[in-house]
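Only one structure is covered here, and it is reproduced in the block below.
The values are calculated or read from the model by the stated rules, or taken from the named source; none is laboratory data. Just so it is clear, the structure is predicted and the values come from calculations on it, not from any experiment. Backbone-built Cβ (ideal geometry, glycine too); neighbour counts: all protein chains shown. Surface accessibility is based on the protein's heavy atoms, side chains included, excluding ligands, DNA and RNA. Shrake-Rupley method; radii C 1.70, N 1.55, O 1.52, S 1.80 Å.
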Amino acid sequence: MPDIRLPDGAVRHFDAPVTVSELAASIGPGLVKAAIAGKVDGRIVDTSHRIERDAAVAIVTERDPEALDVIRHSTAHLLAYAVKELFPDAQVTIGPVIEDGFYYDFSFKRPFTPEDLEAIERKMNELAKKNEPVTRSLMPRDEAVRYFESLGEHYKAEIIASIPSDEPISLYAEGKFVDLCRGPHVPSTGRLKVFKLMKLAGAYWRGDSRNEMLQRIYGTAWTKKEDLDAYLHRIEEAEKRDHRRLGRQLDLFHLQDEAPGMVFWHPKGWSIWQQVEQYMRRVYQDNGYQEVRAPQILDRSLWERSGHWQNFKDNMFTTESEKRDFAVKPMNCPGHILIFNADLRSYRELPLRYGEFGACHRNEPSGALHGIMRVRGFTQDDGHIFCSDEQIQPECTAFNRLALDVYRVFGFDAITIKLALRPDQRLGDDATWDRAENALRDALRASDVEWTELPGEGAFYGPKIEYHLKDSIGRSWQCGTMQVDFQMPGRLGAEYVAADDTRRTPVMLHRAIVGSLERFIGILIEHHAGALPLWLAPVQAVVLTITDRHRPYAEQVAGLLRAGGMRVTTDLRNEKITYKIREHSLQKLPYQLIVGDKEQEASTVAVRTRGGEDLGSMSVASLLARLREEVASHS
């Protein structure tokens, strides 16, 4: 009979198997009311789960982070329940938890409307208030297929039919609604109190464009109303900061169907690009990287030897010339190995650091494209370090310090580090992966940083450290990576002469700090809400005239500032100064410089900041010194 060890170390003995709910009741009546789920030997289970053997058990309540996924999963089922109540002919398909919420896909004869969404949410609240128990049962697979076919739920029947015949099917029921699910779920619908339906979208069945287009309903769920309100505020802020909207408003870039997933950079947007690229180029130079350039198109045989053709072919653009197959490079690493191989290398040259602002192309599905955040053509601040085993740890540690310094310069102080481990589909044996993963762990320990591990999320050729940046409204963006690769150099014949005159294969460290420049600029635009710091702003100041007679002086001021290295424009239009100030404020320019009779006579400018602060009159020399100091400090 089970001995159950609780989180505080206490052990409770039971003479018979006990459910999680019964265990909670034995601890205290308040706990059984608060219980959302249980954690048995680390696995989240329903409160109805029977514990038959000795185990470590924790009761999961709303205070525990694991509760949110259970609540969101259960709310997705509540959504499907409500849809079936209102639209009995609708077929339910799948409804997983996603970041900050959930969705459920439906097949229905007509498109859902915003009014339908409101009605569904009202019905969800009505069903939740009924506090119906959520119960789990098992059914043989073939019987489950027949059961859902009898309900007209052909999608569910298709899913179940794809499950091995000897695997029992787990079903969850609440009221009249029964759904296929592994669980776990909340004990009753009354536990679902804080949720909201967000939007409608289309989605192909099983993600295949050859299948039927389904209707996807997105929702969010939380444990407290304050958390929901905060999330809705973040969504509102995110819409205001959307880089696509700001890209149009600030005239930075555009995208169009003639080049899907490719960016047309306008002069102001390209100015931002240049500031990012030139800053990263200085980072390369100051940290021992040699900049290289590899071809865009390489023979298929290279991609086969590197492993990309077998593991990445569907995402590659291919072409043919003179009966030879080629691929447009989706990444830069094979080209850098060919540069390394072009000469006989000595251990004295290691570590050898190559950097490239390499243009890459990946054939992303059209439905996955998103402004300049997810594109088909992009440029990486890519680098590869060829080194010995003994140099892995110091190189990774140095890179960690460098990456964190760069992120601070761009305005990101909250960085989360994660370690992505071996995926199911990978090159090499487990012993090699053990070496690679442990090398990265050693580097992180030496850097004295905390990290979390992500099983199964590494690249096919090696594990990687990921750097996740938290922006000004709390969203997390994965940008930089450091990957240890014991595979590709050997596959492509890379060698160096060791101290004992033997030939050895170098280790290859793949590293990027900002990653895709397109995506990183999109992140910067949203992080700063378009109001980029002075050193990044495409136009740093505008000189505004009060009347036409101030035109020559305004052009003189602008010329002096440009000669001093500033990006300055003028507004000489015969418009009211208040109109000009308002218009340029919408363009989020850091400084507005106003010239009138008083300023012209005193050889000064009236300085106004982006935030509306009046700094008074300054000489052009004093202003230039201020601007240069602000640019140099990256503030």
Can you give the FRET efficiency to the nearest 0.05 for K176 and E390, using r as the Cβ-Cβ distance and R₀ = 51 Å?
0.15
Counting Lys and Arg as +1 and Asp and Glu as -1, what is the net charge of the other residues whose Cβ lies under 10 Å from the Cβ of I372?
+2
If you filter the range 1-77 for trypsin sites (Lys or Arg not before Pro), then keep DSSP loop positions with at most 15 other Cβ within 10 Å, what is left?
R53, R63
Electrostatic dipole magnitude of the range 185-324 [Cβ: Lys, Arg +1; Asp, Glu -1; Cα centre; debye, to 20]:
480
Of (i) 247; (ii) 229; (iii) 151, which is the value of volume of the Cα convex hull per residue in Å³ derived from the coordinates here?
(ii)
Taking θ as phi - 60°, what are the ³J(HN,Hα) couplings along the range 533-547 by the Karplus curve (6.51, -1.76, 1.60), each to the nearest whole Hz, with x for Gly and Pro?
x, 3, 5, 9, 4, x, 10, 8, 7, 10, 9, 10, 8, 7, 9
In the chain, with Lys and Arg counted as +1 and Asp and Glu as -1 at Cβ, which of these residues, Q249, F410, Y231, has the Cα nearest the positive end of the dipole, that is, farthest along it?
Q249
Place a +1 charge on the Cβ of each Lys and Arg in the range 325-422 and a -1 charge on the Cβ of each Asp and Glu, then give the dipole magnitude about the Cα centre in debye, rounded to the nearest 20.
280
At most 15 other Cβ within 10 Å, DSSP loop - GluC sites (Glu not before Pro), the range 441-510
E450, E457
Rounded to whole Å², per residue accessible area for the chain with a 1.4 Å probe reads 47
Kindly identify the range 361-434 as rounded, prolate or oblate by the Cα gyration tensor criterion: order the square roots of the eigenvalues as a ≥ b ≥ c, call it rounded if a/c is under 1.5, otherwise compare a/b with b/c, prolate if a/b is larger, else oblate.
oblate
Local charge sum around A531 (other residues, Cβ-Cβ under 9 Å, Lys/Arg +1, Asp/Glu -1)?
+2
So for the pair H370, N438, with labels modelled 7 Å out along Cα→Cβ, what separation do we get in nm?
3.8
Using only Cα atoms, find the angle between the long axis of helix 392-409 and the longest principal axis of the chain, and express it within 0 to 90 degrees, rounded to the nearest 10.
70
What part of the accessible area of the chain, given as a whole %, is carbon or sulfur when the probe is 1.4 angstrom?
48
Translational diffusion coefficient, Stokes-Einstein: compute it for the range 116-263 using the Kirkwood radius over C-alpha pairs as Rh, at 20 °C and 1.002 mPa s, and state it as an integer in µm² s⁻¹.
112
Considering only S162, Y204, T135, whose Cα is most displaced toward the positive end of the charge dipole of the range 133-248, charges sitting on Cβ of Lys, Arg (+1) and Asp, Glu (-1)?
Y204
Neighbour net charge for R324 - beta-carbon separation under 9 angstrom, K R +1, D E -1:
-2
Roughly how much of D89 is accessible, in Å² to the nearest 10, using a 1.4 Å probe?
110
Could you please state, rounded to a whole Å, how far the C-alpha centre of the range 264-307 is from the C-alpha centre of the range 575-595?
36
Can you give the convex hull volume of the alpha carbon atoms of the range 519-635 per residue, in Å³?
98
For the range 456-501, size of Cβ-based charge dipole, Lys and Arg +1, Asp and Glu -1, in debye:
380
For the chain, take the longest principal axis of its alpha carbons; what is the angle in degrees between that and the long axis of helix 141-150, to the nearest 10 within 0 to 90?
80
Per-residue SASA entry for H266, accessible area with 1.4 Å probe, Å² rounded to 10
50
Using only Cα atoms and rounding to the nearest 10 degrees, what angle (0 to 90) does helix 225-241 make with the longest principal axis of the chain?
40
Rounded to 5, percent antiparallel among DSSP beta bridges of the chain
85
List the GluC sites (Glu not before Pro) within the range 43-80 that DSSP assigns to loop and that have no more than 13 neighbouring Cβ atoms inside 10 Å.
E52
Taking the Cα centre of the range 278-429 as the origin and placing charges on Cβ (Lys, Arg +1; Asp, Glu -1), which of Q393, C333, F357 is farthest toward the positive end of the dipole?
F357
For the pair D15 and R408, the simple spin-label estimate (label points 7 Å beyond Cα toward Cβ) gives in nm 6.4
